[in-house]
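The values are calculated or read from the model by the stated rules, or taken from the named source; none is laboratory data. This one's a predicted model, so the numbers in the text were calculated from it and none came from an experiment. Counting neighbours? That spans all protein chains shown, and the Cβs are built from the backbone with ideal geometry, glycine included.
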């Protein structure tokens, strides 16, 4: 008898349906798999054999042929185990009467028959639902992430035995209840702007950066709180909408870094170390293409501490995703596109010794050394960072200021308001934030009054700004005006925008 | 380039003969350059290589031709535009090689030097003083970053600028300033005592500094550490009786210790170009008053009270929020009355 069971393979972030066909024939006992299975899939032979035996079922001692269709795509990983086992049972007539044709089976088997969770379940469920499947049997370990998919019957099972009893109707499993999505549910970030002492410039820059979706560079001596400031970024960013959360969860699910909650409710904050390779940053891999750090930071923040220490090629690879919001990874096995719309936050020391501009310590670097250090960050990359702010090490005991520090919630409220203004403005343009403005939007929405234009011209002459700084300053001025709820870009907005640049950086 | 017979002979003795500076001096004392050139066998110290006269003639011709091809010229004390003050300095250079506006050699000269690491306010002030002084003087300086570059930036637009190199005219030190060097060559004057192909050596900086001081009527030191080349220039200036001027710096500031030391030893205090003009009995042009808004005026006066101040302190002094303040300060910076000095600190100029 021939049995056909549906399961899914993962191709980037998309699920691809795979039919597992099993034929049990009379003849010399044998067990063959065809249809481009890779080693991990072939190894399922032994796992399935043991799991069946240890779940009290028979492994047919006949001539068994298993085919994975379509035969032309490569199948990888252990997520086909359950489908292979069920199709074997069906073909050997151990599941008489069970309806399995429209059910998708997903899961890896342990030797004792337990079901193990698989990576990338959510993207598979979403794709399968799109293909018209509504009934799924999944490992219980994946239940949390499947909970948020509405409009489908999803049965979480602990063991192969449970699945069989469910199918023949002796002990049905209850379908999962759809969970309601709550942003920040189970949020574990302990960062908050109220814990940051001083740094009024950096706090303000942070607010502007988030409000306008700008990338941010913080320059300052070591130990001045650059990392702490960066950690506060997700706390002032707008809440994750469900669609966004689902998209981020898909990426995290494929990468196998999904937490206990099963869905990402908080904006990601990724801090790859500066030894990171280009592949780990952008995604790649030999057979299975994994999303890289920039995709894991999708919808959140990619924080690059000590920016000049990163490999130049790695940094340059960020340019295109920063522009397009996605990354396309091409390998012999195929071409995969992962979303990568993240906010880049970077920090660096002002010079190799770190003390340039410090009040307390003396810098021992020569001007040539400082220039060389700063030249490590290319102009085109710097072009994509709209805000540059100095973080300093002033001795706060000397200050008499008793000012209470604002907490993240208050800042977030202002950010949300500014974002609303931008959404309304750009509705017809397919962008969301000021940072994404191109030349067309700049001329449309950022007309400067004559006075402001003069200021900007003056700034270029007196402060030796490079030409590429111009549109950067205008974009930032637009965001400052939005935070100020001002329709027009006023002079004070331009003035403030001019102050967020470090002239030496733009050499 | 018109060169007299005497100059040709002098050039051979001082630039082409393979002798030590001491021996050159002895040769020049022993006989006229022409005699030495014609009867080198007689005068050259024993053991020194000596080519026949025809070879010597050819050597000088080739050397002059190679200079001319590159647009260089050589000035010897026999030339009538060899700077007079230099002759009166300690160990004047035998030959000066130059490229650019030769007539600047006859101008009144004033030297502005500073350390490679110079605080932004001093660079800004040095630059504006260089700009004003360059209307009356040719500004003499080096080619380094920091203080020298500030002087160059101020004086280059007028073209009244002499940069003295620590290397030959073909070379450039620091190498990053090659385009700056070319700009000076086309609108100002480059000078050096080294033959065009010679690279910068450790000792050539010290030697160059004595030329800086020797050329000029006065030397303004805008910044100097305690053991800096800038101080060497100032000491050379004192040795040959030039006026020394310096910016006053904060007590303890690492790049101002040398300046304060000079002031203690009696250098003139300079806070603006008029202080220098006064010493030479000149009057500078009137300073343009900048128009300030009431907010800007308030912040500027607070900034003047503090000297150098951090944004947070200024915000306390003036009552403006920090982001308002950074907008106002940007305005002041654009108007050229305040300058950002790193680490979110500003100072008035």
* Asked: Here is a list of conditions, (1) part of a helix (DSSP H, G or I); (2) away from chain A (no Cβ under 14 Å); (3) surrounded by 20 or more Cβ atoms within 10 Å (Cβ to Cβ), and residue B:206 meets all of them except one; can you say which number that is?
  -> (3)
* Structure fact -> Counting only residues in the range B:1-44 that are exposed (fewer than 12 other Cβ atoms within 10 Å of the Cβ) and in contact with a helix residue (DSSP H, G or I) (Cβ under 8 Å, 6 or more places away or on another chain), the one nearest to residue B:77 (Cα to Cα) is identified as B:5
* **Residues of the range B:122-180 satisfying the condition of being in contact with a strand residue (DSSP E or B) (Cβ under 6 Å, 6 or more places away or on another chain), in contact (Cβ under 8 Å) with a residue 60 or more places away in the chain and within 13 Å of another protein chain (Cβ to nearest Cβ)** => B:124, B:146, B:147
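Looking at A:79, A:87, which is the one that is surrounded by 22 or more Cβ atoms within 10 Å (Cβ to Cβ) and in a loop (DSSP other than H, G, I, E, B)?
A:79
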* Structure fact -> Those residues of the range B:112-121 which are buried (at least 24 other Cβ atoms within 10 Å of the Cβ) and under 9 Å from residue B:146 (Cβ atoms) amount to B:114, B:115, B:118
* Members of the range A:448-485 that are farther than 19 Å from residue A:216 by Cα and touching a strand residue (DSSP E or B) at 6+ places or on another chain (Cβ under 8 Å) -> A:448, A:449, A:452, A:456
* **Count - residues of the range A:435-454 that are loosely packed, with under 13 Cβ neighbours inside 10 Å and farther than 16 Å from residue A:478 by Cβ** => 2
* Structure fact -> For the range B:298-328 the number of residues that are at the interface with chain A (Cβ under 7 Å from one of its Cβ atoms) and not in a helix (DSSP H, G or I) is 1
* Kindly provide the set of residues from the range A:198-218 that are touching a strand residue (DSSP E or B) at 6+ places or on another chain (Cβ under 8 Å) and either more than 14 Å from every other protein chain (Cβ to nearest Cβ) or in a loop (DSSP other than H, G, I, E, B) (or both), ordered by number. => A:210, A:213, A:214, A:215, A:216, A:217
* Hey, does the range B:276-283 have a residue that's over 30 Å from residue A:200 (Cβ atoms) and touching a strand residue (DSSP E or B) at 6+ places or on another chain (Cβ under 7 Å)? -> yes
* Within the range B:272-283, is there a residue that is assigned by TED's automatic domain parsing to the domain that holds residue B:216, assigned to a loop (DSSP other than H, G, I, E, B), crowded, with 20+ Cβ neighbours inside 10 Å and touching a residue at least 24 places away in the same chain (Cβ under 8 Å)? -> no
* Given the residues A:35, A:97, A:27, which is the only one that is crowded, with 16+ Cβ neighbours inside 10 Å and at positive phi? -> A:35
* Asked: Mind checking which residues of the range A:353-382 are surrounded by fewer than 17 Cβ atoms within 10 Å (Cβ to Cβ) and more than 14 Å from chain B (Cβ to nearest Cβ)?
  -> A:376, A:378, A:379, A:380
* To do: Could you tell me whether any residue of the range B:101-110 is assigned by TED's automatic domain parsing to the domain that holds residue B:216, modelled with pLDDT under 95, at positive phi and in a loop (DSSP other than H, G, I, E, B)?
  => no
* **Selected residue (only one of A:457, A:462, A:423, A:501 is under 15 Å from residue A:385 (Cα atoms) and either within 14 Å of chain B (Cβ to nearest Cβ) or surrounded by fewer than 14 Cβ atoms within 10 Å (Cβ to Cβ) (or both))** => A:501
* Can you give me the ranges of the helices (runs of 4 or more DSSP H) entirely in the range B:19-80 with at least 2 residues that are touching a residue at least 12 places away in the same chain (Cβ under 8 Å) and either in contact with a strand residue (DSSP E or B) (Cβ under 8 Å, 6 or more places away or on another chain) or under 30 Å from residue B:182 (Cα atoms) (or both)? => B:53-69
* Go through the range B:329-344 and give me each residue that's in a helix (DSSP H, G or I) and at the interface with chain A (Cβ under 7 Å from one of its Cβ atoms). => B:329, B:330, B:331, B:333, B:334
* To do: Would you mind finding the one in A:294, A:251 that is touching a helix residue (DSSP H, G or I) at 6+ places or on another chain (Cβ under 6 Å), assigned to a helix (DSSP H, G or I) and within 14 Å of residue A:344 (Cα to Cα)?
  => A:294
* Structure fact -> Of the conditions (1) more than 20 Å from the chain's Cα centre (by Cα); (2) loosely packed, with under 12 Cβ neighbours inside 10 Å, the single one that residue B:50 does not satisfy is (2)
* **Members of the range A:13-36 that are closer than 19 Å to residue A:89 by Cβ and assigned to a strand (DSSP E or B)** => A:18, A:19, A:20, A:21, A:22, A:23, A:24, A:25, A:30, A:31, A:32, A:33
* Structure fact -> Residue set A:46, A:93; condition out of contact with any helix residue (DSSP H, G or I) (no Cβ under 8 Å at 6 or more places or on another chain) and not in a loop (DSSP other than H, G, I, E, B); output residue A:46
* Does any residue of the range B:306-323 turn out to be buried (at least 17 other Cβ atoms within 10 Å of the Cβ), in contact (Cβ under 8 Å) with a residue 24 or more places away in the chain and over 28 Å from residue A:198 (Cα atoms)? -> no
* **residue A:221 vs. criteria within 27 Å of the chain's Cα centre (by Cα), surrounded by 15 or more Cβ atoms within 10 Å (Cβ to Cβ) and part of a loop (DSSP other than H, G, I, E, B)** => no
